[in-house]
Amino acid sequence: MELRIQQLSKQYSNGVQALDNINLTIPAGMFGLLGPNGAGKSTLMRTLATLQDADSGTALLDNMNIREQKDQIRRLLGYLPQDFGLYPKVSAYDLLDHFAVLKGLDNRKQRKEVVEALLHQTNLYNVKSKHLGGFSGGMRQRFGIAQALLGDPKLIIVDEPTAGLDPEERVRFHNLLADIGSEKIVILSTHIVEDVADLCNNMAVINKGQVILTGQPLSLIAQIQGKIWKRFIEKSELAACQQKYQLISSRLTSGRTLIHVYADAQPDSNFEATQGNLEDVYFSAMAGLLSGPAALPVQRAA
């Protein structure tokens, strides 16, 4: 199973170029799509989920054209959008059973087995009779994954799934995604770097509708080792440092401003080397210091 996206572009009526010649090859396994809000991630996810058409380009799931064979694709698709609406006065079991009918599970006994298995898998079986309006944010997201897994999909798309979750629910959700299986294509669209670092074998960074970096997280992290330098500064020094160095990030740490700078050699004696991580990769790519879908092709997971 492989998803090939070739020269995909989409411009909205207000003139916003949401997708600009997107090219990606996504193998089976967890694939992270990182980018800031407004980068085009949700537009790409909706396009792959057959909810809207691109202006040009193609997306092929194996040999099936997503635009031309929507019915076939939908039978193989599981989708958890960023904004997932639920009927608040319906129980988890009843709504999941309803979705199962819509997915074509007509046999009542088989459908009951599938629904109960998914409620167990998402740790919702004990609250299956509870109305969805009483679910926490994390429980709603786990229910969203349950409905996305109906019909044993081969392509699963989850858009910003951990936004707004507390740390405990985020860990639960990570564990659930990790258990889905390596034989499916699971696309995790997010602006949270840690989600990709924790879960994904392959990834891409998208910004302003363009793919600016692809690769395997560990390989990309290895490329920046020896090039990330840190230093504490006063807040008043930040603007001058931005002018003087290739500053990729700054944050408050224990009341002080910590900056990370990208450089081949120590910028000056005030800096010390630091172990680069995926966040440094992301910020380096956003600053234009790392690039290359062509130079860093996405590789099939071992």
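The values are calculated or read from the model by the stated rules, or taken from the named source; none is laboratory data. Everything numeric here is computed off the predicted structure, so don't read it as measured data. Positions of Cβ are backbone-derived with ideal geometry, glycine not excepted, and every protein chain shown enters the neighbour counts. These accessible areas exclude ligands, DNA and RNA; they are computed on the full protein's heavy atoms, side chains included. Shrake-Rupley method; radii C 1.70, N 1.55, O 1.52, S 1.80 Å.
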Legend entry - Enumeration of residues in the range 26-57 that are part of a strand (DSSP E or B), open to solvent by less than 10 Å² (accessible area, probe 1.4 Å) and aliphatic (A, V, I, L, M): I26, L33, L34
Inset, instruction - Would you mention how many residues in the range 228-255 are open to solvent by 100 Å² or more (accessible area, probe 1.4 Å) and over 20 Å from M286 (Cβ atoms)? - result: 4
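Those residues that are farther than 19 Å from D159 by Cβ and of a type in the set (K, R), I need them from the range 4-33; list them, please.
Selection gives R4 alone.
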Inset, instruction - Working carefully through the options V115, V171, find the one that is without any contact (Cβ under 8 Å) to a residue 12 or more places away in the chain and assigned to a helix (DSSP H, G or I). - result: V171
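Okay, residues lined up against (1) at pLDDT below 95; (2) touching a Lys or Arg at 6+ places or on another chain (Cβ under 8 Å); (3) of a type in the set (S, T, Y):
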| site | (1), (2), (3) |
| --- | --- |
| L199 | yes, no, no |
| S219 | yes, no, yes |
| K227 | no, no, no |
| R256 | yes, no, no |
| Y262 | no, yes, yes |
| Q266 | no, no, no |
Inset, instruction - Would you check if L218 is closer than 30 Å to L48 by Cβ and either open to solvent by less than 30 Å² (accessible area, probe 1.4 Å) or touching a His at 6+ places or on another chain (Cβ under 6 Å) (or both)? - result: no
Inset, instruction - Would you point out which residue out of E168, E183, E194 is within 25 Å of L86 (Cβ to Cβ), among the charged types (D, E, K, R) and surrounded by fewer than 23 Cβ atoms within 10 Å (Cβ to Cβ)? - result: E168
Legend entry - Residues satisfying the stated conditions in the range 226-246, i.e. in contact (Cβ under 8 Å) with a residue 24 or more places away in the chain and not polar (S, T, N, Q): G226, K227, I228, W229, K230, R231, F232, I233
Inset, instruction - Please specify each residue of the range 140-164 satisfying the condition of being part of a loop (DSSP other than H, G, I, E, B) and farther than 13 Å from L95 by Cβ. - result: L149, G151, D152, P153, K154, E160, P161, T162, A163, G164
Inset, instruction - Exactly one condition in (1) open to solvent by less than 60 Å² (accessible area, probe 1.4 Å); (2) assigned by the TED database to the domain that holds D83; (3) closer than 28 Å to V171 by Cα is not met by G209; state its number. - result: (3)
Inset, instruction - With the condition kept exactly as written, say whether any residue in the range 130-139 is open to solvent by less than 10 Å² (accessible area, probe 1.4 Å) and part of a helix (DSSP H, G or I). - result: yes
Inset, instruction - Answer yes if at least one residue in the range 99-106 is open to solvent by 60 Å² or more (accessible area, probe 1.4 Å), without any contact (Cβ under 8 Å) to a residue 40 or more places away in the chain and in contact with a helix residue (DSSP H, G or I) (Cβ under 8 Å, 6 or more places away or on another chain), and no otherwise. - result: yes
Inset, instruction - Please work out if T50 is among the hydroxyl-bearing types (S, T, Y) and in contact (Cβ under 8 Å) with a residue 60 or more places away in the chain. - result: no
Legend entry - Residue ID - nearest to M139 (Cα to Cα), chosen from residues in the range 107-121 that are exposed (fewer than 14 other Cβ atoms within 10 Å of the Cβ) and of a type outside the set (K, R): H120
Inset, instruction - For the range 58-93, name all the residues that are open to solvent by less than 90 Å² (accessible area, probe 1.4 Å), part of a helix (DSSP H, G or I) and either in contact (Cβ under 8 Å) with a residue 40 or more places away in the chain or not basic (K, R) (or both). - result: Q72, I73, A92, Y93
Inset, instruction - Would you be able to say whether some residue in the range 199-218 is in a helix (DSSP H, G or I) and within 24 Å of P81 (Cβ to Cβ)? - result: yes
